[in-house]
Amino acid sequence: MSGSQNSRHRPSQPPVCGENSRRLADRFTGPQNRPHPSGFPDRQNPDPTRGPDPTSGGLTPRPRGSYALAMLLFKKKFLPAIRCGQKTQTIRLWKYRKMRAGQRSYIPGAGYIRIAAVDEVELDALADEDARPDGFDSADELRAEVARLYPDQLAAGHRAFRIVFHVLPPDEQKK
């Protein structure tokens, strides 16, 4: 085999070791002393006022009253009812309200939604009429599903919130 044919199969750079490995690492991760453009603190000079708290595993708690485009996740069995408009509400257990009326949100498998109302409710006070927009025939079925899905939150004393929503029409799905 001639040298030109064999060069196609050989790497164009020398093996990664020593100084070359440092340059290659810098090429992918950037120099360690330069701040990351996303605001993460750098390793040489961490600034606690910038970026996520390093002790929280990279997660910064969102301040109360601050709402971002949040996703509502549902079991697959509920998605057809959401898409056709039969299921228009959900009960969630949270420490504090995480959504607000008028907010745009997203349900994977169903699309973008608009939140119509977020109300704190007592699970024991829910009637059968409250359970039907949630896709259940009775309030007892709804309470049983909430207990099955959120045992830890119930034990921790989280509050129940009813989220009323509607799926946005196709012309508003892409905006």
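Among the helices (runs of 4 or more DSSP H) confined wholly to segment 106-175, which include 3 or more residues that are of a type outside the set (A, V, I, L, M, F, W, C) and surrounded by 14 or more Cβ atoms within 10 Å (Cβ to Cβ)?
Details: elements: 128-131, 139-149, 151-156, 170-173.
Where helices (runs of 4 or more DSSP H) fall fully within segment 106-175 and carry at least 3 residues being of a type outside the set (A, V, I, L, M, F, W, C) and surrounded by 14 or more Cβ atoms within 10 Å (Cβ to Cβ), they are 139-149.
In summary, GLY102 fulfils each of the numbered conditions (1) surrounded by 13 or more Cβ atoms within 10 Å (Cβ to Cβ); (2) within 24 Å of ARG83 (Cβ to Cβ) with the single exception of condition (1).
If the condition is being aliphatic (A, V, I, L, M), part of a loop (DSSP other than H, G, I, E, B) and touching an Asp or Glu at 6+ places or on another chain (Cβ under 9 Å), then segment 76-100 contributes no residue at all.
Within segment 120-175, the set of residues being within 23 Å of PRO80 (Cβ to Cβ) and in contact with a Phe, Trp or Tyr (Cβ under 8 Å, 6 or more places away or on another chain) comprises GLY135, LEU142, GLU145, VAL167, LEU168, GLU172, GLN173.
We did not get these values from a lab; they are worked out from the coordinates using the rules stated. Computed from a predicted structure; not experimentally measured. In this analysis, Cβ positions are derived from the backbone assuming ideal geometry, glycine residues included, and neighbour counts consider all displayed protein chains.
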